[in-house]
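I have placed the structure first, in the form of structure tokens, so that the comments after it can refer back to it.
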Amino acid sequence: AKRARRTAANAMLGLLWPNGAQSIEFEVIHEKLKDDDDAVEYFNKARDKLVAEMDADQAGLTVRLKEYMNSQLGYGTSGVFAFEGTRSFFRFHAADVKTISIAEDEDGYVDTAYFTTERTVRQLVMRFGMAALSEKTQELAKNNKFEEKIKVMHIVEPRMVRERDKLNNLNMPFVSAHIELEHKHIIKESGFNEFPGGVCRFDKEIGEKYGRSPMIDGIADVLEINTARESRNVAREKQLDPPLAVYDDGRLGGGIINTSAGAITVMNVAGRAGSNRSPIEPLFTVGDINVVTEEIEELKDAISGHFNIDRLLDLNNDTQMTLGEARMRRTRTDLSMGTLIARQIMETFNPLVRRCFNMALRAGKLGVVEGSPEHETAIARGETPLIIPPSVAELAGTGDEVYVIKYNTPAARLLQAEEAEGIIRTWQEAQAIGGTNPEV
């Protein structure tokens, strides 16, 4: 099961994020900008700058996505979050149900996360400073007990009461608060302009908040295959070192037959004088091992099926198929994976990319308005900053949808498979009709 999970996680990431942040593109959709070449060019250049920041080694996005996907397939609920980093602009963080509790908004998307972790005193002092910590934690630091663990909760939730005309971090749309749980001490309270990432539920039923994973669905088969393998191991051990029966020349035996590997059971030989039987002989206590082996193979296939290995990886190299049969097989596989892929994109990847775009834009990483103080500062430093076109700047803060995220990935092509198949069939029909009526 663990091997199937790792294989499925790698395959899923290969579908969703094969080339890192290079997999994303921005398509301008706002009516005012569709025919604006400057706006289109700006988003292309902004995309390149964003990709460079997201793919930075110190940001660790690839590692966090692997952790995220492992948890998706193992526990069913996990997320990836983007925060400001110290070693790079972004610092990505992955979390699952072992460390976060979640709540949904009215549309069913996760907008609340309570992260619970343990941090050493040294880590807390380095991140927040001595003065921000509770008196008890400060006392530990003063006594050089820097490796003591402190349980800390990070709360991220919508701010229900705020003054919208104020732009400070205590009036942002989302609360961000770090709390020492044991000492009931607020270390720091701040805010976010948007939920700082995406939390996906791999699969779930109506009314459920937390997700279900392939591992949850397959747990019965996992327990059964463990039992079957244990039985096979016992049988093999007996075959290699069978239990023996030893006759005792007339004295009473122990009354118990020990059938474990290498065991010796003393048997009473009374009444069998003159018998030609060997005084020592094996006890045949093992049935047909092949039955268990066949069951194990069936369970392995069942577990792989829970993890969609047969759909994520086409391992059929034995059956010859025509091009049409191969296409039908591929289409069937693509359609069956479509809903799982769509949930990953909607609940994790789209929110994460939007969060990164907004963070980089606010920090001036994606350009400045011509003539602004930020522009003049960049010129003074000898830089040539990317200029945000006036048409794009005018839409900032309006809440209008300016762009959509496109993915140049196998997953995106998978979601378009049905449409592509329809186009191919339409073209084939047109060719057939064209043979009888060229005007078509």
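The values are calculated or read from the model by the stated rules, or taken from the named source; none is laboratory data. These numbers come from a predicted model, not from an experiment. Cβ placement follows ideal geometry from the backbone for every residue including glycine, while neighbour counts extend to all protein chains displayed. These area figures cover heavy atoms from the full protein model, side chains too; ligands, DNA and RNA do not enter into them. Shrake-Rupley method; radii C 1.70, N 1.55, O 1.52, S 1.80 Å.
Overview of results
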{"item": "Counted residues, the range 217-235 - those being within 14 Å of residue 303 (Cα to Cα), at pLDDT 90 or above, open to solvent by 40 Å² or more (accessible area, probe 1.4 Å) and not polar (S, T, N, Q)", "result": "4"}
{"item": "Subset of the range 172-193 (residues that are hydrophobic (A, V, I, L, M, F, W, C) and either in a strand (DSSP E or B) or closer than 19 Å to residue 360 by Cβ (or both))", "result": "172, 174, 175, 177, 179, 186, 187, 192"}
{"item": "Condition met for residue 414 (open to solvent by less than 70 Å² (accessible area, probe 1.4 Å) and outside any helix (DSSP H, G or I))", "result": "no"}
{"item": "Hey, residue 79 under 30 Å from residue 203 (Cβ atoms) and part of a helix (DSSP H, G or I) or not", "result": "no"}
{"item": "Any pair with Cβ under 7 angstrom, 6 or more apart, that starts in the range 94-118 at a residue that is polar (S, T, N, Q) and ends at one that is open to solvent by less than 20 Å² (accessible area, probe 1.4 Å) and in a strand (DSSP E or B)", "result": "99/115; 112/102; 112/156; 117/152"}
{"item": "Residue within the range 114-131 that is in contact with a strand residue (DSSP E or B) (Cβ under 6 Å, 6 or more places away or on another chain), closer than 22 Å to residue 67 by Cβ, surrounded by 14 or more Cβ atoms within 10 Å (Cβ to Cβ) and not hydroxyl-bearing (Ser, Thr, Tyr) present", "result": "yes"}
{"item": "Every pair of residues 6+ apart whose Cβ atoms lie under 7 Å, when the first sits in the range 17-44 and is without any contact (Cβ under 8 Å) to a residue 24 or more places away in the chain and of a type in the set (Val, Ile, Thr) while the second is part of a loop (DSSP other than H, G, I, E, B) and open to solvent by 90 Å² or more (accessible area, probe 1.4 Å)", "result": "none"}
{"item": "Residue satisfying all of: in the range 392-407; at pLDDT 85 or above and open to solvent by 80 Å² or more (accessible area, probe 1.4 Å); farthest from residue 369 (Cα to Cα) among these", "result": "406"}
{"item": "Test: residue in the range 376-388 that is assigned to a helix (DSSP H, G or I) and open to solvent by less than 40 Å² (accessible area, probe 1.4 Å)", "result": "yes"}
{"item": "Qualifying residues in the range 417-429 (those that are touching a residue at least 12 places away in the same chain (Cβ under 8 Å) and not aliphatic (A, V, I, L, M)) - the one surrounded by the fewest Cβ atoms within 10 Å (Cβ to Cβ)", "result": "418"}
{"item": "Scan of the range 194-218 for residues that are touching a residue at least 24 places away in the same chain (Cβ under 8 Å), farther than 20 Å from residue 94 by Cα and part of a loop (DSSP other than H, G, I, E, B), ordered by number", "result": "204, 218"}
{"item": "Close pairs from the range 389-407: first free of Cβ contacts under 8 Å to residues at least 40 places away in the same chain, partner open to solvent by less than 70 Å² (accessible area, probe 1.4 Å), Cβ under 7 Å, at least 6 apart", "result": "393/369"}
{"item": "Members of the range 1-57 that are under 30 Å from residue 229 (Cα atoms) and either open to solvent by 70 Å² or more (accessible area, probe 1.4 Å) or not hydroxyl-bearing (Ser, Thr, Tyr) (or both)", "result": "1, 2, 3, 4, 5, 6, 8, 9, 10, 11, 12"}
{"item": "Residue selected from the range 158-184 under the condition of a type outside the set (S, T, N, Q) and surrounded by 17 or more Cβ atoms within 10 Å (Cβ to Cβ), by the criterion farthest from residue 307 (Cα to Cα)", "result": "172"}
{"item": "Conditions (1) β-branched (Val, Ile, Thr); (2) farther than 30 Å from residue 35 by Cβ; (3) within 41 Å of the chain's Cα centre (by Cα): number failed by residue 398", "result": "(2)"}
{"item": "Qualifying residue in the range 32-50 (condition: closer than 30 Å to residue 395 by Cα, basic (Lys, Arg), in contact with a helix residue (DSSP H, G or I) (Cβ under 7 Å, 6 or more places away or on another chain) and not in a helix (DSSP H, G or I))", "result": "yes"}
{"item": "Leading residue by the ranking (surrounded by the fewest Cβ atoms within 10 Å (Cβ to Cβ)) among those in the range 95-106 that are closer than 30 Å to residue 148 by Cβ and of a type outside the set (S, T, N, Q)", "result": "98"}
{"item": "Helices (runs of 4 or more DSSP H) enclosed by the range 236-349 - at least 3 residues per element that are open to solvent by 40 Å² or more (accessible area, probe 1.4 Å) and at pLDDT 60 or above", "result": "289-306, 323-344"}
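Okay, residues lined up against (1) out of contact with any Pro (no Cβ under 8 Å at 6 or more places or on another chain); (2) outside any loop (DSSP other than H, G, I, E, B); (3) open to solvent by less than 10 Å² (accessible area, probe 1.4 Å):
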residue	(1), (2), (3)
70	yes, yes, no
83	no, yes, no
93	yes, yes, no
108	yes, no, no
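Here is a yes/no grid of residues against (1) within 22 Å of residue 187 (Cα to Cα); (2) more than 30 Å from the chain's Cα centre (by Cα):
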residue	(1), (2)
64	no, no
72	no, no
84	yes, no
89	no, no
104	no, no
112	yes, no
151	yes, no
156	yes, no
163	no, yes
